[in-house]
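Enquirer: Right, I'll just put the structure down here and ask away after.
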Amino acid sequence: MKILVLNSGSATQKTSLYEIAAVPPADPPAPLWEGLIEWQGSCADIRTSGPAGVRLRDRVQISSRKQVSEQLLGDLWTGPTRLIPGPEAIDIVGHRIVHGGEEFSEPAVVTPALKGAVERMSVFAPLHNPSGLEGIEIIEQILSGVSQVAVFDTAFHRTLPEAASVYAGPFEWVARGIRRYGFHGINHQYCAERAARLLGRDLQSLKLVTCHLGNGCSLAAVREGRSVDTTMGFTPLEGLMMGTRSGSVDPGILTHLLREDHLSAEQLDDLLNKKSGLAGISGISNDMRQIVSAMKSGNPRAKLAFDIFIHRLTSLIGSMVAALGGVDALVFTAGIGENSAEVRAAACSNLEFLGVRLDPAKNSRPPRDGDISSSDSRVRILIVRANEDWAIARACWDLAQTKGHP
Ligand code: ADP
């Protein structure tokens, strides 16, 4: 079965093609073909890599998102990165959709009703849901009649108990959909399943804290394969400190700024989403590599940014462990989680009281996916490479098996 995966963001669109035979592989395979569009003002950079390592790079003027997507997909069946004879060879297209609201707790076949629901949820995810929907509509036009599946970033957290998902605001908020949804669910679920495989254990027997630390950062508490708590909430702004996002702050600060500075909703949004986090505190960058390098050269604001990041990370890992009532393994994933030995070392050192002990040599030269804890650690520490696209392809395959070819 040939499965095309579209991960449509506001600034990028990743596209990959996987082929899954009768039995999916236990370990994630590399995609057979990959494409990336980066939107840059009136231009777009298109990069594709096809069979035998052939790579193409092009910069085009944007007349419409569809035209650029058409050009990218054309490289799948024409030219040097050609992999398939034509668009009809694609069996299913899977999409990452950020917000599935309260309706979707599982991947679902795209129908007009589903599209309507995704559109309604755009009010909660105005930067993300419209691009996901646009991706679905572009595929409808380019590959007309192909089956499409939506895989939601919120769905994995639909198992949160009410005590974790309802805010302690007025009870009327619940009816208005103002509650904790949680995000990064596709990768948290993937990491939990992968951790069970790496540990050689049944997922049902495990208590895991998955730490997705990328540009956006969130944790999930996963017990028996189900999310029971997470750090992001109504929006992806809650919880940990992030590259440019504040994470949780006292809501009293917002009312103070509204009264004193007469800020508009857009200005507050901009402060909290773009001018805060590592970038806001350090004044240097949102990129952890640059924060660590400036900290090592003695920059005090970079050190403060790093210290806040670690303080919040360890205190929220503690909170996830409390929600689980113990922990068998910590899983580090995404750009910072996979690559920053400094962040892993600092966080794990604060958690030694839980019996968390890193192997320093493994931490500085980690395997792609694997265990970096010392042999006497009571809690396993794993690195799992984020792999949303493969998780989406698997979800499409699973749906096709259970419901027949969608
Ligand atoms: P996204 O959340 O957009 O998918 P990623 O998961 O790719 O982002 O994470 C991007 C972040 O990962 C960068 O902003 C940077 O802070 C961090 N990162 C990437 N490589 C390294 C590295 N070698 N050391 C420390 N941090 C890194």
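The values are calculated or read from the model by the stated rules, or taken from the named source; none is laboratory data. Just so you know, these numbers come straight off a predicted model, no measurement behind them. Using ideal geometry, Cβ is built from the backbone for each residue, glycine included, and neighbour counts are taken over all protein chains shown.
Enquirer: Could you list, in sequence order, the residues of the stretch 277-291 that are closer than 13 Å to Val343 by Cβ and crowded, with 20+ Cβ neighbours inside 10 Å? Break it down into steps so the answer makes sense when it comes.
Expert: Taking the stretch 277-291 as the starting set, the residues that turn out to be closer than 13 Å to Val343 by Cβ are 278, 287-289, 291.
Leu278, Met288, Ile291 - these are the residues of the stretch 277-291 that are closer than 13 Å to Val343 by Cβ and crowded, with 20+ Cβ neighbours inside 10 Å.
Enquirer: Which pairs do you get when a residue that is farther than 26 Å from Leu133 by Cβ, found in the stretch 1-27, comes within reach of a residue that is among the basic types (Lys, Arg) and assigned to a strand (DSSP E or B), reach meaning Cβ atoms under 8 angstrom, with the pair 6+ apart or on two chains?
Expert: If the second residue must be among the basic types (Lys, Arg) and assigned to a strand (DSSP E or B), the pairs left are Glu19/Lys2.
Enquirer: Now, a different point. Given the stretch 12-67, what strands (runs of 3 or more DSSP E) lie entirely inside it while holding 2 or more residues that are of a type in the set (Ser, Thr, Tyr) and within 19 Å of the chain's Cα centre (by Cα)?
Expert: Strands (runs of 3 or more DSSP E) meeting the threshold: 12-19.
Per-residue answers, yes or no, for (1) touching a strand residue (DSSP E or B) at 6+ places or on another chain (Cβ under 8 Å); (2) under 25 Å from Arg394 (Cβ atoms); (3) surrounded by 15 or more Cβ atoms within 10 Å (Cβ to Cβ):
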residue: Gly9; (1), (2), (3): no, yes, yes
residue: Tyr18; (1), (2), (3): yes, yes, yes
residue: Leu32; (1), (2), (3): yes, yes, yes
residue: Leu36; (1), (2), (3): yes, yes, yes
residue: Gly41; (1), (2), (3): no, no, no
residue: Arg57; (1), (2), (3): yes, no, no
residue: Asp75; (1), (2), (3): yes, yes, yes
residue: Gly79; (1), (2), (3): yes, no, no
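Enquirer: Now for a different question. Listed residues Ser319, Ser374; which is among the hydroxyl-bearing types (Ser, Thr, Tyr) and either crowded, with 20+ Cβ neighbours inside 10 Å or free of Cβ contacts under 8 Å to residues at least 60 places away in the same chain (or both)?
Expert: Ser374
Enquirer: Looking at (1) among the charged types (D, E, K, R); (2) touching a residue at least 40 places away in the same chain (Cβ under 8 Å); (3) in a loop (DSSP other than H, G, I, E, B), which one does Arg245 not meet, given that it meets all the others?
Expert: Arg245 satisfies all of (1) among the charged types (D, E, K, R); (2) touching a residue at least 40 places away in the same chain (Cβ under 8 Å); (3) in a loop (DSSP other than H, G, I, E, B) except (2).
Enquirer: Still on this structure: For the stretch 337-371, which positions are surrounded by 13 or more Cβ atoms within 10 Å (Cβ to Cβ) and among the basic types (Lys, Arg)?
Expert: Scanning the stretch 337-371 gives Arg344, Arg357, Lys362.
Enquirer: Within 12 Å of the ligand (Cβ to nearest atom), at pLDDT 95 or above and surrounded by 15 or more Cβ atoms within 10 Å (Cβ to Cβ) - does that describe any residue in the stretch 245-259?
Expert: We begin by selecting, within the stretch 245-259, every residue within 12 Å of the ligand (Cβ to nearest atom); these are 245.
With at pLDDT 95 or above added as a condition, the list becomes 245.
Applying the additional criterion that residues be surrounded by 15 or more Cβ atoms within 10 Å (Cβ to Cβ) yields 245.
Yes, that holds for at least one residue.
Enquirer: Next question. Search the stretch 192-225 for residues being of a type in the set (Ser, Thr, Tyr) and surrounded by 24 or more Cβ atoms within 10 Å (Cβ to Cβ), and hand back the single one that is nearest to the ligand (Cβ to nearest atom). So that I can check it myself, show each step before the final result.
Expert: The initial filter retains those residues of the stretch 192-225 that are of a type in the set (Ser, Thr, Tyr), namely 205, 210, 218.
Then drop every residue that is not surrounded by 24 or more Cβ atoms within 10 Å (Cβ to Cβ), which leaves 210, 218.
On the way: Thr210: 13, Ser218: 10 Å.
Across the stretch 192-225, the extreme among qualifying residues is Ser218.
Enquirer: Just to be sure before I move on: is Leu268 over 16 Å from Ser340 (Cα atoms), part of a helix (DSSP H, G or I), in contact with a helix residue (DSSP H, G or I) (Cβ under 9 Å, 6 or more places away or on another chain) and away from the ligand (no atom under 12 Å from the Cβ) in the structure I sent? Talk me through it step by step, then tell me what you get.
Expert: On the way: over 16 Å from Ser340 (Cα atoms): yes; part of a helix (DSSP H, G or I): yes; in contact with a helix residue (DSSP H, G or I) (Cβ under 9 Å, 6 or more places away or on another chain): yes; away from the ligand (no atom under 12 Å from the Cβ): yes.
Spelling it out, Leu268 is indeed over 16 Å from Ser340 (Cα atoms), part of a helix (DSSP H, G or I), in contact with a helix residue (DSSP H, G or I) (Cβ under 9 Å, 6 or more places away or on another chain) and away from the ligand (no atom under 12 Å from the Cβ).
Enquirer: Quick one: Phe309 ticks every box in (1) within 21 Å of Cys211 (Cβ to Cβ); (2) surrounded by fewer than 20 Cβ atoms within 10 Å (Cβ to Cβ) except a single one, so which number is it?
Expert: Among (1) within 21 Å of Cys211 (Cβ to Cβ); (2) surrounded by fewer than 20 Cβ atoms within 10 Å (Cβ to Cβ), Phe309 violates only (2).
Enquirer: Could I ask something else about it? Scanning for something in contact (Cβ under 8 Å) with a residue 12 or more places away in the chain and within 21 Å of the chain's Cα centre (by Cα), does the stretch 291-308 turn up at least one residue?
Expert: No, the stretch 291-308 contains no residue that is in contact (Cβ under 8 Å) with a residue 12 or more places away in the chain and within 21 Å of the chain's Cα centre (by Cα).
Enquirer: Listed residues Asn350, Asn363; which is touching a residue at least 12 places away in the same chain (Cβ under 8 Å) and either within 16 Å of the ligand (Cβ to nearest atom) or of a type in the set (D, E, K, R) (or both)? Can you show your working first?
Expert: Values: Asn350 fails: either within 16 Å of the ligand (Cβ to nearest atom) or of a type in the set (D, E, K, R) (or both).
Going through Asn350, Asn363 in turn, the sole match is Asn363.
Enquirer: Given (1) touching a strand residue (DSSP E or B) at 6+ places or on another chain (Cβ under 9 Å); (2) of a type outside the set (A, V, I, L, M, F, W, C); (3) farther than 25 Å from Ala26 by Cα, identify the lone condition not met by Gly233.
Expert: That leaves (1) as the condition not met.
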